[in-house]
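Trainee: Following this message is one structure expressed as structure tokens.
The values are calculated or read from the model by the stated rules, or taken from the named source; none is laboratory data. If you're wondering where the values come from, they're calculated on a predicted model, not measured in any experiment. Don't worry about glycine lacking a Cβ; one is built from the backbone with ideal geometry, like all the others, and counts go over all protein chains shown.
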Amino acid sequence: MRIGLFSDTYAPEINGVVSSILTLQKELEKHGHEVFVITNRKGFLTTQREGNVLRLPGLELKWLYGYKLSTPYHFSARDEIRKMDLDVIHVHTEFGVGMFARIVAKYLNIPVVSTYHTMYEDYTHYINRFDIEEIDIISKKFVTTFSRMISDNVQGVIAPSEKTKETLLKYGVKTAIYIIPTGLELDKFEPAQLDQGRIEQMRQELGFAKEDRIVAYIGRIAPEKSIDIPIEGFRHVKDPHTKLMIVGGGPQLEELKRLACSYGLQEQICFTGVKPREEVPYFYAMADAFVSASLTETQGMTYIEALASHLPVFARPDDVLKDLVIEGESGFLFQTPQEFAQKLEVYLAMGEEEQAQMREKARSMVKPYDGNMFYTKVMSVYYQAIEDFEDSYEVIKIKATDDYMRIYVINDKEDEPMKITISLDDYFLLKIQKHTLLDRNTVNELQHKELILHAYRSCIRKLSIRDYTTKEMRQYLKGQHGLHEEDMDQLIHDLTHKGYLNDYQYMMGKIEKMQHSYQSKGKIIKLLVEKGIPHEDVAEALAMFNDDEESAKAMRMAEKLKHTVKDKSMKMKRSAIAQKLIHQGFETSIATHASEELFFEDEDDSAALRKAMEKAIRANMRKYHGIQLKNRVIHACIKKGFQSSDVLAMCEEMEWDDEEMDM
């Protein structure tokens, strides 16, 4: 297979991305594949080729640790790459050369795989020098959008760790993501295979004594690496023969040197500066332990290198360490500088046999990172990407419709073209034109987006007829086939952002309308809460309306209800009306007051009592007679709230069958 590795950074530079590329390149070539590296160099005009390495002109950004940024357009280089006849392109960086890789892939119809090496949201401080919150929010939002866009524009994404995959999923990436930890040439870090004389010589050159115990940090010297934490930790290390060796260069080097001096740690902390890559295993071999407080690693290559060098690792808890650092076995986890110093002293106080066990355990943790296993997994992604790309669709027709585009695609396995409605954003992002090839993953994603697009337009139609709350609209979306929970979240967000959904306006409109009806505050709250409006929001809005208005509504409702209570005493009528008002959501005090204020045309209970008595006689006369009937009637009338004295008096006025009563 002919493979193109595209990256903004490459040897002789030293960093985790370069380590990954060099390991992959060596393994691919060892297994008979031809590998081409397309990278950049410091220079403005010409492209240089050194064997299978093509270097594009780029601008060096000294403030960003010498990062070289090149333009994504290199027409002469594009023609040079055409001659390479690549089967697959593997992109390792996202900007200059990474963008160029995607353009070349599109132009030459080559499948693309990308590895997401860098957590860019942890590097936004480079463009936010004054730590302005608004800039931080905007830059992190850009990282999310950009990462999703570039990852969804390839056939497969390689994530070095579960942490990286979770981040990409959080960004909304839909492309297939494969977790493949970067491989290492483990034997290169085996201390027993290194020149022991050279190790001792390097110790002496750096001023270390034989009795010194060295804790090493090896990597880039930059704020996101949090090197200030182990430096501060050494303020609490009591043994003067315990030393911290910081190997590497970067934008924070001078600042950290000044920090060490301010703590009076010049004798305990050694800054070596930048060292050649081939010497890195020797610096690990010089050390007794490794420390890093970084929380920004996608995988943490230096952790793996240290463990491969038989070094216990001291680090802050992070997802990338889940299968690497086991507390007390292959290393120690700490949160604060003081805890780092405390656990370091615990380790250094261990006996030789116990330390030897930790060293062996450290080495055993990196067996899954064997270079050959790394090669095998990456090759499986290449083959899958090529298969997905070959199962691609050709755009045969394009039609504009309203604010969207309709494309017609077909592939060799289908007889009829497929019609897909897509947004203008996707249309221009994918640079679609007639005869454009879209791989299977892209077509599947466009089809899913079409479902979302149709759902959005359907929501707009419903909302144009009448208002709905967020809860009601979500219930509607749950009935739409094929939508995921995150799709519904995004649709609700878009509808809200564009003003189609507004729960507050909905609530205020309903309250205004219901205030002019007989609806009580309680009833209004109940109705709106059922619609998904928070109880406290409705209560707060209703607090703007005074109790006089509520009392007036209660009186209107009570007037309407007084004709529904008959054949009861005046007391019972008022009580029944008050209960009905309370049931309608009026407060007890307001309901009681309204019932008491009601005016009844006939305040005398005698007529009502007579009707109640006659009704009770008719209901019981077939079953009861004499005294039993009389007692039933008396009981029924008292139950309706009539005074017992009034009931007995009226009973005495009535004629009863005395014979029946004597029985």
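Trainee: Checking R363 against (1) under 24 Å from I452 (Cα atoms); (2) in contact with a Leu (Cβ under 8 Å, 6 or more places away or on another chain); (3) assigned to a helix (DSSP H, G or I); (4) among the charged types (D, E, K, R), which single condition isn't satisfied?
Mentor: (1)
Trainee: Same structure again: Go through the range 170-222 residue by residue and tally those that are surrounded by 15 or more Cβ atoms within 10 Å (Cβ to Cβ), free of Cβ contacts under 8 Å to residues at least 60 places away in the same chain and under 14 Å from T272 (Cβ atoms).
Mentor: So the count comes out to 1.
Trainee: Residues in the range 278-302 that are at pLDDT below 95 and either touching a Phe, Trp or Tyr at 6+ places or on another chain (Cβ under 8 Å) or aromatic (F, W, Y) (or both): how many?
Mentor: Adding up the residues that qualify gives 4.
Trainee: Quick one: is A341 under 22 Å from P160 (Cα atoms), part of a helix (DSSP H, G or I), at pLDDT 95 or above and of a type in the set (A, V, I, L, M)?
Mentor: Considered against the rule, which asks whether it is under 22 Å from P160 (Cα atoms), part of a helix (DSSP H, G or I), at pLDDT 95 or above and of a type in the set (A, V, I, L, M), A341 comes out as no.
Trainee: If I filter the range 614-657 down to residues being assigned to a loop (DSSP other than H, G, I, E, B) and free of Cβ contacts under 8 Å to residues at least 24 places away in the same chain, which single residue comes out as nearest to I577 (Cα to Cα)?
Mentor: Once the filter is applied, the top-ranked residue is M621.
Trainee: Here is a further query. Which members of the range 368-405 meet the condition of being of a type in the set (S, T, Y) and in a helix (DSSP H, G or I)?
Mentor: Answer for the range 368-405, where residues must be of a type in the set (S, T, Y) and in a helix (DSSP H, G or I): Y369, Y375, T376, S380, Y382, Y383.
Trainee: Which of the following residues is assigned by TED's automatic domain parsing to the domain that holds L344, under 20 Å from V17 (Cα atoms) and outside any strand (DSSP E or B): E305, E267, E255?
Mentor: E305
Condition check ((1) under 14 Å from F290 (Cα atoms); (2) in the same structural domain as E29 (by TED's automatic domain parsing); (3) of a type in the set (F, W, Y)) across all residues:
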position: S330; (1), (2), (3): yes, no, no
position: E339; (1), (2), (3): no, no, no
position: E345; (1), (2), (3): yes, no, no
position: M350; (1), (2), (3): no, no, no
position: Q357; (1), (2), (3): no, no, no
position: F374; (1), (2), (3): no, no, yes
position: K377; (1), (2), (3): no, no, no
position: Y382; (1), (2), (3): no, no, yes
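Trainee: Assuming V346 fulfils every condition listed in (1) modelled with pLDDT of 95 or more; (2) touching an Asp or Glu at 6+ places or on another chain (Cβ under 6 Å) apart from one, which condition is it?
Mentor: Status for V346: all satisfied but (2).
Rundown of residues vs (1) polar (S, T, N, Q); (2) in the same structural domain as Y107 (by TED's automatic domain parsing); (3) touching a Phe, Trp or Tyr at 6+ places or on another chain (Cβ under 6 Å), yes/no style:
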position	(1), (2), (3)
L430	no, no, no
L437	no, no, no
R440	no, no, no
V443	no, no, yes
Q447	yes, no, no
E450	no, no, no
I460	no, no, no
L463	no, no, yes
T470	yes, no, no
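Trainee: Just to verify a result, which residue in the range 222-252, among those that are assigned to a helix (DSSP H, G or I) and in contact with a Ser or Thr (Cβ under 6 Å, 6 or more places away or on another chain), is modelled with the lowest pLDDT?
Mentor: Filtering the range 222-252 for residues that are assigned to a helix (DSSP H, G or I) and in contact with a Ser or Thr (Cβ under 6 Å, 6 or more places away or on another chain), the one modelled with the lowest pLDDT comes out as E224.
Trainee: Determine the pairs where a residue that is of a type in the set (V, I, T), located within the range 263-282, has a partner that is in a helix (DSSP H, G or I) with Cβ atoms under 7 Å apart, the partner being 6 or more residues away or on another chain.
Mentor: Cβ pairs passing all conditions: I269/I231; I269/F234; I269/A260.
Trainee: Quick check on my filter: what residues within the range 381-399 are surrounded by fewer than 17 Cβ atoms within 10 Å (Cβ to Cβ), out of contact with any helix residue (DSSP H, G or I) (no Cβ under 9 Å at 6 or more places or on another chain) and among the hydrophobic types (A, V, I, L, M, F, W, C)?
Mentor: Hit for the range 381-399 is I396, nothing else.
Trainee: Checking the structure you have, find out if any residue of the range 600-608 is more than 20 Å from H563 (Cα to Cα) and not basic (K, R).
Mentor: no
Trainee: Here's something else I'd like to know. Could you check, for the range 210-223, whether at least one of its residues is in contact with a His (Cβ under 7 Å, 6 or more places away or on another chain) and within 22 Å of L321 (Cβ to Cβ)?
Mentor: Within the range 210-223, one or more residues are in contact with a His (Cβ under 7 Å, 6 or more places away or on another chain) and within 22 Å of L321 (Cβ to Cβ).
Trainee: Then there's this: Among the residues of the range 94-112, are any of a type in the set (D, E), within 26 Å of K225 (Cα to Cα) and modelled with pLDDT of 75 or more?
Mentor: Yes, the range 94-112 contains at least one residue that is of a type in the set (D, E), within 26 Å of K225 (Cα to Cα) and modelled with pLDDT of 75 or more.
Trainee: If we only count helices (runs of 4 or more DSSP H) wholly inside the range 408-497, which ones have 3 or more residues that are surrounded by 14 or more Cβ atoms within 10 Å (Cβ to Cβ) and within 22 Å of the chain's Cα centre (by Cα)?
Mentor: Once the helices (runs of 4 or more DSSP H) in the range 408-497 are filtered for at least 3 residues that are surrounded by 14 or more Cβ atoms within 10 Å (Cβ to Cβ) and within 22 Å of the chain's Cα centre (by Cα), what remains is 440-465, 470-478, 485-497.
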